[in-house]
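Working notes, structure below.
The values are calculated or read from the model by the stated rules, or taken from the named source; none is laboratory data. Note that this is a predicted model, so its numbers are computed, not measured. Cβ coordinates were reconstructed from backbone atoms using ideal geometry, including for glycine residues, and neighbour counts include every protein chain displayed.
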Amino acid sequence: MRIPFTKMQGAGNDFVVLDETRASYHLRPEHYRFLGDRRYGVGADQILTVRPATQPGVDFAYVIHNADGGEVEQCGNGARCFVRFVQEQGMTEKARIRVQVQHGVIELEALPDGSVTVDMGAPRFDHAALPFVPGSLMHRTVGQAELWQLPLSAGGRTDTVEVALVSMGNPHAVLLVDDVMNAPVEAVGRAVQALPAFPSSVNVGFLQVLDRGHVRLRVYERGAGETLACGTGACAAVVAGIRQGLLDPSVQVDALGGTLRIDWQGAESPVLMSGPATTVYHGEIDLPEHPWLPEVSKVAA
Ligand SMILES: N[C@@H](CCC[C@H](N)C(=O)O)C(=O)O
């Protein structure tokens, strides 16, 4: 089957975008994995599929798959690219769009300067929302945040890292670091994801606070490995920093691939995320009925 696609990126977090508003391709997880593969397919951190809305008062639905083929609840950078996509394809003339994602409805606004602001909804901290199963893990309270001590074993040694847990619809564990460029992002990210306390795995953010309105962030994503930026990761990291009393309500987040602005007034107020969204190219790909990829090409679980 030959299918059209659009390659997009938001702050370097890259996407294959599919339009299923007129026809459904009935793709299986191995197809998404193939599309996301950088050698055998197109290559992307996530695959976004635009579909018709199934609820009143909502403009579109979109479904998100990680590069490993797993479906996920939410994607911040993807939401901004989604808006650009439906505008550029002439699918809507609205500047404000309501869209269904797996975990609810989010609102997006295309700004005249070409950037997009997304209302990502209120963060949640209850364990069921992540999900997080603490068992006998210890925690302490700093400001309004609970910091959980996670034991990580590597090379015969056990270290402990402290994380704040935030759900932005999808799960995030956020660690504070002094120097994010030299943080062991992959080793610690993989070890945290593998803990039984995170039965659905978790996105792991490494946050360096530069000042009360400016941070650096790297994220080891569930199902994609380290990406150049993670929108929900930026929201979660800023929320975690504000709750620990380290950050003001409006923060510039420098990711490896670009800059995002995150605003949060606390409590039940929504997290607002602004940043770039760019179309890279349009193409078509022949999708095998039974795509094959070597084990070695598997992305992080
Ligand atoms: N890159 C994304 C997040 C994509 C989903 C994430 N990997 C997960 O599994 O939850 C973003 O910009 O938010």
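Conditions (1) over 17 Å from the mean Cα position of the chain (by Cα); (2) outside any strand (DSSP E or B); (3) touching a residue at least 60 places away in the same chain (Cβ under 8 Å); (4) over 19 Å from Pro171 (Cβ atoms), marked per residue:
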position: Phe198; (1), (2), (3), (4): no, yes, yes, no
position: Phe206; (1), (2), (3), (4): no, no, no, no
position: Ala229; (1), (2), (3), (4): no, yes, yes, no
position: Pro288; (1), (2), (3), (4): yes, yes, yes, yes
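Look through segment 272-299, keep the residues that are β-branched (Val, Ile, Thr) and farther than 21 Å from Gly257 by Cα, and return whichever of them is modelled with the highest pLDDT. Write out each step before concluding.
Let us first name the residues in segment 272-299 that are β-branched (Val, Ile, Thr), namely 278-280, 285, 296, 299.
Keeping just the survivors that are farther than 21 Å from Gly257 by Cα gives 285, 296.
Working: Ile285: 98, Val296: 69.
Step by step, filter segment 272-299, then rank; the result is Ile285.
Can you say whether Val166 is among the β-branched types (Val, Ile, Thr), more than 15 Å from the ligand (Cβ to nearest atom) and closer than 20 Å to Tyr220 by Cα, as far as the supplied structure shows? No, not satisfied.
Output the residues belonging to segment 231-258 that are part of a loop (DSSP other than H, G, I, E, B), among the aliphatic types (A, V, I, L, M) and closer than 16 Å to Met181 by Cβ. First the steps, then the outcome.
In the first step, residues of segment 231-258 are kept if they are part of a loop (DSSP other than H, G, I, E, B); the result is 244-249, 256-257.
After this cut, where a residue has to be among the aliphatic types (A, V, I, L, M) as well, the list is 246-247, 256.
Matches in segment 231-258: Leu256 only.
Apart from one condition, Thr279 fits all of (1) in contact with a Cys (Cβ under 9 Å, 6 or more places away or on another chain); (2) surrounded by 17 or more Cβ atoms within 10 Å (Cβ to Cβ); the exception is (2).
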